[in-house]
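Reviewing the structure listed below.
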Amino acid sequence: MRWTLGARELLYRNPATNAFFALGQTIPTVRGDGIYQLAVEIALRRLAENQWLHVFPEGRVNQTDRLLRLKWGVGRMVMESERTPVVIPMLIRGMREVLPMYQPIPLPRPNPFSSVFYMRVGDPIDFTELLGEWRAAREKLVSEDERDDLDEAVRIAIVDRMWDSLDKLKSDSTRAAAAAGLLPKLHM
């Protein structure tokens, strides 16, 4: 079964939701606590156990038409995993038509099947070479400041590569939706 990260302040609000999300293997994340928080440490442990970790790299559910900045904690998880993880980008479109956020009661629309919804899966992103180069370069550095600068640059490179992959999925999806005549139904 997969693990995921979820905002503690939204999901873990009372004993019932605590139990529900804990049973769903959701790791409580504290927004704003940065990339060295306990949730990222737990996620790294799960990756070390070869577990499936599902992450919304934007740090939240995004029902807008644009990609948001990806969080550096995702880059840290890729960098510091004992084994290079298999990163499979996925783009989910149309959820705001099926189950809009910010409703008083989270219920689907009266006929969610009349809405266009899809998930597009991209090619795996291979970080093996980048991580090998990072580890080799890091071993040669003496200064902790130099290591920190290198780590930051590699986190940015990882997140940028993920963002580029998601942006390509979004462009490909828009073209496919236009070709199928779905754009009026699917707010892109």
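A few remarks follow.
- Helix 128-140 and the longest principal axis of the Cα set of the chain meet at an angle near 30°.
- Full-extension gain in nm, SER143 to ASP172, via 0.36 nm per residue minus C-alpha separation: 6.1 nm
- Of the accessible area of the chain, computed with a 1.4 Å probe over protein heavy atoms only, carbon and sulfur atoms account for 58 percent.
- Here r is the Cβ-Cβ distance between ALA136 and MET101 and R0 is 45 Å; the resulting FRET efficiency, rounded to 0.05, is 0.55.
- Percent of Cα-Cα distances greater than 20 Å, calculated over the chain: 62 percent
- GNM top mover of GLY59, GLY32, GLY75 - the chain, alpha-carbon springs below 10 Å: GLY32
- Probing with 1.4 Å while keeping every protein chain in the model, the per residue accessible area of the chain equals 62 Å².
- Label-to-label distance, nm, for residues given as TYR36 and ALA22 (7 Å Cα→Cβ offset): 2.8 nm
- 222 nm mean residue ellipticity, helices alone, for the chain (DSSP H n ≥ 4; -39,500 (n - 2.57); rounded to 500): -14500 deg cm²/dmol
- Folded to 0 to 90 degrees: helix 144-179 orientation relative to the chain principal axis, Cα: 30 degrees
- The heavy atoms of PHE56 offer some 90 square angstrom of accessible surface to a 1.4 angstrom probe.
- Between helix 38-48 and the chain there is an angle of about 80 degrees, using the helix long axis and the longest principal axis of the Cα atoms.
The values are calculated or read from the model by the stated rules, or taken from the named source; none is laboratory data. The model shown is predicted, which means the values in this text are computed figures rather than measured ones. Neighbour counts run over all protein chains shown; Cβ positions are idealised from the backbone, glycine included. The area values use the complete protein model at the heavy-atom level, side chains included, leaving out ligands, DNA and RNA. Shrake-Rupley method; radii C 1.70, N 1.55, O 1.52, S 1.80 Å.
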